[in-house]
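**Student:** Could you have a look at this structure, given as structure tokens, before my questions?
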Amino acid sequence: LAKTTQPISMDSYEGQEVNITCSHNNIATNDYITWYQQFPSQGPRFIIQGYKTKVTNEVASLFIPADRKSSTLSLPRVSLSDTAVYYCLVAEAAGNKLTFGGGTRVLVKP
Amino acid sequence: DTAVSQTPKYLVTQMGNDKSIKCEQNLGHDTMYWYKQDSKKFLKIMFSYNNKELIINETVPNRFSPKSPDKAHLNLHINSLELGDSAVYFCASSQEGAIMNTEAFFGQGTRLTVV
């Protein structure tokens, strides 16, 4: 199983870039890396997904080095509404298993 | 329109009771899931169904039984509830059956409290 490890919490300020790194040392060849955002009393919401190198969408970027043993979610110019828990997820092709990390609680301050 | 809806949102019940949580998705997805989120916010998959067929069944007590009458619904029935079953249960759905390259849509969650 590709266990994921990510920081428990991070603080930031409005307008700054937030980078959250997730470790997944045992990731397998066909596994994908996905990040979700969760606000209190809501279900997780998909942010971005990637396999290798860099992926960018309208809300975030995902950087994956060549060895794919880690990934970094980058949130540009965060606002107060970006305060949430961010989960790193490795979707394992073998056995169709989904493995969530413990989540990183990001607090954006004024 | 709510994409993935689950009912009830809150459920308080006594130990030993049997309860059900219902989930419906109107996204036309083929695959549905049940997740459990504990008090420490860890999210763990419990079950996954693809076109009404079970494809993931994690190590979950057999008191938990999912039922999928059609691909738009995946209900979760729990027998003989225990204190440790208290958690937030999330239903989700996705388009692809191969879950490693897909986006899952989650419901709002059902907070189950067993007293």
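The values are calculated or read from the model by the stated rules, or taken from the named source; none is laboratory data. Given the structure is predicted, the values throughout are model-derived calculations rather than measurements. When we count neighbours, we look across all protein chains shown, and the Cβ atoms used for this are built from the backbone with ideal geometry, even at glycine. Ligands, DNA and RNA are stripped out before the accessible areas are found, and what is left, the full protein with its side chains, is counted by its heavy atoms. Shrake-Rupley method; radii C 1.70, N 1.55, O 1.52, S 1.80 Å.
**Student:** Can you tell me which of (1) among the aliphatic types (A, V, I, L, M); (2) within 11 Å of the chain's Cα centre (by Cα); (3) farther than 16 Å from B:A3 by Cα is the one B:A92 doesn't meet?
**Tutor:** (3)
**Student:** Right, here's the next one. Taking the stretch B:1-16, which residues are open to solvent by 60 Å² or more (accessible area, probe 1.4 Å) and touching a Leu at 6+ places or on another chain (Cβ under 7 Å)? Walk me through how you get there before you give the answer.
**Tutor:** We begin by selecting, within the stretch B:1-16, every residue open to solvent by 60 Å² or more (accessible area, probe 1.4 Å); these are B:1-2, B:7, B:9-10, B:12, B:14-15.
Hit for the stretch B:1-16 is B:M15, nothing else.
**Student:** Provide a single number: the residues in the stretch A:18-38 that are under 14 Å from the mean Cα position of the chain (by Cα) and not hydrophobic (A, V, I, L, M, F, W, C).
**Tutor:** 9
**Student:** Could I ask something else about it? Suppose we keep only residues that are surrounded by fewer than 16 Cβ atoms within 10 Å (Cβ to Cβ) and touching a residue at least 24 places away in the same chain (Cβ under 8 Å) within the stretch B:31-49. Which one would you say is nearest to the other protein chains (Cβ to nearest Cβ)?
**Tutor:** Among them, the one singled out is B:D38.
**Student:** Among (1) under 19 Å from A:V90 (Cβ atoms); (2) in contact with a Gly (Cβ under 8 Å, 6 or more places away or on another chain), there is one condition B:S94 misses while meeting the rest; what is its number?
**Tutor:** Result: B:S94 fails condition (2) only.
Residue-by-condition table, conditions (1) closer than 28 Å to B:V88 by Cβ; (2) surrounded by 18 or more Cβ atoms within 10 Å (Cβ to Cβ); (3) in contact with a Pro (Cβ under 8 Å, 6 or more places away or on another chain):
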residue	(1), (2), (3)
A:S9	yes, no, no
A:S23	yes, no, no
A:I27	yes, yes, no
A:Q38	yes, yes, yes
A:I47	yes, yes, no
A:S61	no, no, yes
A:A91	yes, yes, no
A:G101	yes, yes, no
A:R105	yes, no, no
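**Student:** Also, quick follow-up: Residues to consider are B:K52, B:K71; find the one that is on the phi > 0 side of the Ramachandran plot, over 10 Å from the mean Cα position of the chain (by Cα) and more than 10 Å from every other protein chain (Cβ to nearest Cβ).
**Tutor:** B:K52
**Student:** Considering only the stretch A:7-101, give the strands (runs of 3 or more DSSP E) lying wholly within it that have at least 3 residues that are in contact (Cβ under 8 Å) with a residue 12 or more places away in the chain, under 30 Å from B:Q25 (Cα atoms) and within 14 Å of chain B (Cβ to nearest Cβ).
**Tutor:** Because the criterion is at least 3 residues that are in contact (Cβ under 8 Å) with a residue 12 or more places away in the chain, under 30 Å from B:Q25 (Cα atoms) and within 14 Å of chain B (Cβ to nearest Cβ), the strands (runs of 3 or more DSSP E) in the stretch A:7-101 that meet it are A:32-38, A:45-50, A:84-92, A:97-100.
**Student:** Something else now. Taking B:Q108 and the conditions (1) at pLDDT 90 or above; (2) more than 11 Å from chain A (Cβ to nearest Cβ); (3) open to solvent by 10 Å² or more (accessible area, probe 1.4 Å), which numbered condition does it fall short on, given that it satisfies the others?
**Tutor:** Exception for B:Q108: condition (2).
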